[in-house]
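Okay, so here's the structure we're looking at.
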Amino acid sequence: MAEKPLLVVIDGNSVIHRAFHALPPLSTKTGQIVSAVYGFLLVFLKAVRELQPTYFVACFDTPKPTFRHQKFKEYKAKRPPTPEDIKSQIPLVKDVLAGFGVLFFEKEGFEADDVIGTICDSARRQDPQAEIAILSGDLDSLQLVGPSTKVYFLKKGVKETVWYDEKGVEERYSGLVPSQLVDFKALRGDPSDNIPGVKGVGEKTAIKLIREYGSLENLYAGIGKKDCSLPASLKEKLAENRTEAFLSRELAQIERAVPIDFDLERCRWGKYDRETVVEILQKFEFHSLINKLPGAPKVGSDNNLRLW
């Protein structure tokens, strides 16, 4: 039986940031910083080689505020500004993707995760047989995991990866399923995004509560009942921070209806102008990557990591 078609969706900003911080500074003879571009290419070429995609797309954030900032002005407020050496490499990565014929998507007012979620849903509607692999260094995408969607996560640096399927998510979060992760974050919060959560509720308590009650709505319905066995101090924390809990869930929830024009067939992977890509690699002085290009002579054997 032939393998099902596979769509690989790469979280552009996440991988660029991971590459920038994982690799030592790298610049061309003219002084152009290209370490993040190099690291991104290592991840990209590894994915092409090991996953053997049918379709390939990339998604990016935009510099503009998102709908989450409108809901909560302190969203991501504690993050330091993106270094200029990262910003300057994002257009270079997009140029590389264009050379490979890979389309990329972004939308003002939304984050890359929202675009990824939208593409996943749209791809399944266009081809119900399609499997999806989300390539990211960000665990936020785990809420998108499902029977036909897995996350190919950059565990360490740009070379060590791990798969997250539904079972993997449950193992990492002590029994929670992917759809419950937003309820978990509603209670626990997310310091990296400055999502408040419920003050005084840590990870273990948040997991225990969602496992016991199933959802945020059920939890808040339960604490109002006379037979609720939760400690009075915990019920008080939950009651006092109800607004923050539901706001936090809104902030953590990936939007899956971003207004973009996505045509799965236009994202088919395979044909690209090798000479164009070679020129780009030579411009960046990535000579060692030329022999790693798809279609180049192979040294040794490649492992196919398709899990479906």
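The values are calculated or read from the model by the stated rules, or taken from the named source; none is laboratory data. For clarity, every value in this text was computed on a predicted model and none was experimentally measured. Virtual Cβ from ideal backbone geometry, glycine too; neighbours counted across all protein chains shown.
One table, with the values for the structure above:
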{"quantity": "Only listed residue being modelled with pLDDT of 95 or more, in a loop (DSSP other than H, G, I, E, B) and either of a type outside the set (A, V, I, L, M) or more than 30 Å from Val57 (Cα to Cα) (or both), chosen from Glu255, Glu279", "calculated": "Glu255"}
{"quantity": "Members of the stretch 162-175 found to be surrounded by fewer than 19 Cβ atoms within 10 Å (Cβ to Cβ) and not small (Gly, Ala, Ser), listed by number", "calculated": "Val162, Trp163, Asp165, Glu166, Lys167, Glu170, Glu171, Arg172"}
{"quantity": "Residue within the stretch 221-229 that is closer than 28 Å to Glu74 by Cα and out of contact with any helix residue (DSSP H, G or I) (no Cβ under 8 Å at 6 or more places or on another chain) present", "calculated": "no"}
{"quantity": "In the stretch 179-236, the residues that are of a type in the set (D, E, K, R), more than 26 Å from the chain's Cα centre (by Cα) and closer than 27 Å to Leu139 by Cα", "calculated": "Lys199, Glu212, Glu217"}
{"quantity": "Any chance Ser179 is modelled with pLDDT of 95 or more, closer than 26 Å to Ile132 by Cα, part of a helix (DSSP H, G or I) and not hydrophobic (A, V, I, L, M, F, W, C)", "calculated": "yes"}
{"quantity": "Filtered residue count, the stretch 213-230, keeping only those that are assigned to a loop (DSSP other than H, G, I, E, B) and more than 14 Å from Val198 (Cβ to Cβ)", "calculated": "8"}
{"quantity": "Residue list for the stretch 248-276, restricted to those being among the aliphatic types (A, V, I, L, M) and surrounded by fewer than 18 Cβ atoms within 10 Å (Cβ to Cβ)", "calculated": "Ala257, Ile260"}
{"quantity": "Filtered residue count, the stretch 10-38, keeping only those that are assigned to a loop (DSSP other than H, G, I, E, B) and surrounded by fewer than 19 Cβ atoms within 10 Å (Cβ to Cβ)", "calculated": "9"}
{"quantity": "Which listed residue, of Leu7, Leu45, Leu41, is touching a Pro at 6+ places or on another chain (Cβ under 8 Å) and in a helix (DSSP H, G or I)", "calculated": "Leu45"}
{"quantity": "Any helices (runs of 4 or more DSSP H) falling wholly within the stretch 50-136 and containing at least 2 residues that are assigned by TED's automatic domain parsing to the domain that holds Pro259 and under 16 Å from the mean Cα position of the chain (by Cα)", "calculated": "112-126"}
{"quantity": "Residue match in the stretch 128-138 (condition: over 22 Å from Ile16 (Cβ atoms), buried (at least 16 other Cβ atoms within 10 Å of the Cβ) and modelled with pLDDT of 95 or more)", "calculated": "yes"}
{"quantity": "Some residue of the stretch 195-205 being in contact with a helix residue (DSSP H, G or I) (Cβ under 6 Å, 6 or more places away or on another chain), under 25 Å from Arg68 (Cα atoms), assigned to a strand (DSSP E or B) and of a type in the set (A, V, I, L, M)", "calculated": "yes"}
